[in-house]
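One structure is given below, encoded as structure tokens.
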Amino acid sequence: MGGSISFDASFKVWTEPISFSVGPSLDAPIFTGGGLVVSAVLISAVFFKFFRDLRLRPLSAVELLPNGAGGYEQLNAGSSPGSLESVGGYGGVQPDDVTVVIPTLNEAEAIGLVLDELRQEGYRKILVVDGYSKDGTDKIALGKGARVIYQHGLGKTGALMTAVEHVDTPYILVMDGDYTYNPKDIRKLLTHGRFYALVMGSRNRRYISRLHRFGNWVITKTFNLLFGTGLSDVCSGMYLLNVNFARQIDLRSRGFSTEVEIAAQAAVEDRITQVPIDYRRRVGRGKLSTWRHGFSILISVIRLAQRYNPILLLSAVGASAIIPAIIILAFVVLRLLMFGVWHSGWALLGTMLLLFSAQFLALGTMAFMVKRVERRILQRIEREKSPA
Ligand SMILES: Nc1nc2c(ncn2[C@@H]2O[C@H](COP(=O)(O)OP(=O)(O)OP(=O)(O)O)[C@@H](O)[C@H]2O)c(=O)[nH]1
Ligand SMILES: [Mg+2]
């Protein structure tokens with residue numbers, strides 16, 4: 001035991017016993033002794049770059065326009081400069097090509113207000129999909145001239161599946177019936193509808209409670225990491241869906257993971273985008289239990305990643321070893337700097353964990369690249385099949 005074998009003047013293989021308390025001072029230049037701190041810093045720098053590169057910038061409408069350049073001019077062709085159309089945009093989907101779908105369950109207090117606002121904004125095709133409300137929501141909606149059907153299946157997912165079977169327009173705009181969404185924002189979504197399977201409204205956070213905001217943040221970040229998107233609100237209840245896309249998606253969630261389930265499938269095809277929208281205080285009582293539903297949506301995100309992006313999920317799990325690695329290495333460095341005590345065993349364990357997670361990150365990055373190429377190819381095929 002002890003001593004070291006020399007390969008050349010500057011590199012030695014470490015043969016000291018590993019110590020998890022105060023250990024001997026080791027002298028191989030890269031992996032042990034003070035050099036370990038340098039190698040940990042170098043590996044961390046590589047990590048930092050991986051994480052930065054992993055965030056995929058969402059494609060802009062300009063990039064996705066058929067035949068490339070000239071996006072916004074093309075989008076607004078025909079509208080006079082500076083007019084509302086050139087800003088808000090019916091260069092995109094026309095209001096008559098959209099059915100506004102409102103899932104409702106006991107929204108008697110709000111539904112009338114929502115339908116009035118929609119009419120004022122000029123939306124004529126409105127479909128209320130009711131989950132067998134007991135407070136007369138269906139009658140109020142009928143009284144306001146909306147089409148009302150009763151859903152099959154469970155929760156909002158069941159409502160959406162039912163809606164898709166009954167619409168005769170190429171697009172559907174889904175919005176909650178609790179007065180939280182402003183119909184004035186629908187135009188923003190329509191502008192981009194032609195180029196995406198799913199346009200999500202990303203909510204202004206003012207009237208979302210802190211707890212919901214936090215849950216939403218965790219779900220959205222996890223979604224972005226596992227699907228390579230840059231969304232800011234994946235749980236929004238207002239979104240525009242291309243009906244052909246909606247008909248071929250596989251909705252399996254029982255109830256409330258509808259939005260993440262749709263977003264996952266649109267993200268896999270790289271046909272998802274978002275626009276900022278308003279969010280108001282709800283009228284009437286909410287139906288969700290924050291913890292139970294929040295947790296079940298998070299589990300759905302992971303399940304969906306396993307189905308659609310398994311390698312990225314695996315590598316994200318492997319790469320999470322970076323957390324204990326950083327804690328262990330920080331402990332080693334602090335002890336070294338503050339007390340001059342060197343823990344060789346912990347240092348080695350920390351570095352090994354760091355290397356382990358670096359390998360998973362590398363795998364994740366490769367999986368991500370391959371997926372991106374696949375998406376681009378699918379997108380091009382899709383575009384060539386149906387030019388604008
Ligand atoms: N058809 C149908 N609609 C539902 C069902 N559950 C909820 N909804 C409707 O779905 C929309 C969203 O539900 P909310 O209770 O507002 O849930 P949320 O917006 O996530 O939560 P809050 O923050 O409490 O508003 C509302 O219009 C509900 O009436 C259901 O089982 N079937
Ligand atoms: Mg709501």
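The values are calculated or read from the model by the stated rules, or taken from the named source; none is laboratory data. Keep in mind it's a predicted model, so treat the numbers as computed, not measured. In this analysis, Cβ positions are derived from the backbone assuming ideal geometry, glycine residues included, and neighbour counts consider all displayed protein chains. SASA here: full protein model, heavy atoms, side chains in, ligands and nucleic acids out. Shrake-Rupley method; radii C 1.70, N 1.55, O 1.52, S 1.80 Å.
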Point to revise | segment 76-308 - Rg and Dmax from Cα coordinates, angstrom | key: 16.7, 50
**Study point:** Environment charge of C235, counting only residues whose C-beta is closer than 9 Å and scoring Lys/Arg +1, Asp/Glu -1
**Key:** -1
Revision key, fill the gap. Residue by residue through segment 198-215, the couplings from Karplus 6.51 cos²θ - 1.76 cosθ + 1.60 with θ = phi - 60°, in Hz, x for Gly and Pro, are 9, 10, 9, x, 9, 6, 5, 7, 3, 9, 9, 5, 4, 5, 5, 4, 5, x
Exercise for review: DSSP loop (so not H, G, I, E, B), at most 16 other Cβ within 10 Å: list which GluC sites (Glu not before Pro) in segment 99-165 pass both filters.
Suggested key: E121
Exercise for review: Determine the gain in length on full extension of the stretch R205-H166; use 0.36 nm per residue of separation and subtract their C-alpha separation, reporting nm with one decimal.
Suggested key: 10.8 nm
Review point. Accessible area per residue of segment 198-301 at 1.4 Å probe, in Å²?
Key: 45 Å²
Check your understanding: Round to a whole number: what % of the accessible area of segment 76-308 belongs to carbon and sulfur, probe 1.4 Å?
Key -> 54 percent
Practice item. Name the long-range amide H neighbours of I277: under 5 Å, sequence gap of 5 or more, or other chain; modelled H, no Pro or chain starts. Key: S202, R203, N204
Point to revise | Accessible area of R280 in the full protein assembly, 1.4 Å probe (Å², nearest 10) | key: 40 Å²
Point to revise | Centroid-to-centroid separation of segment 114-156 and segment 294-310 [C-alpha atoms, Å] | key: 30 Å
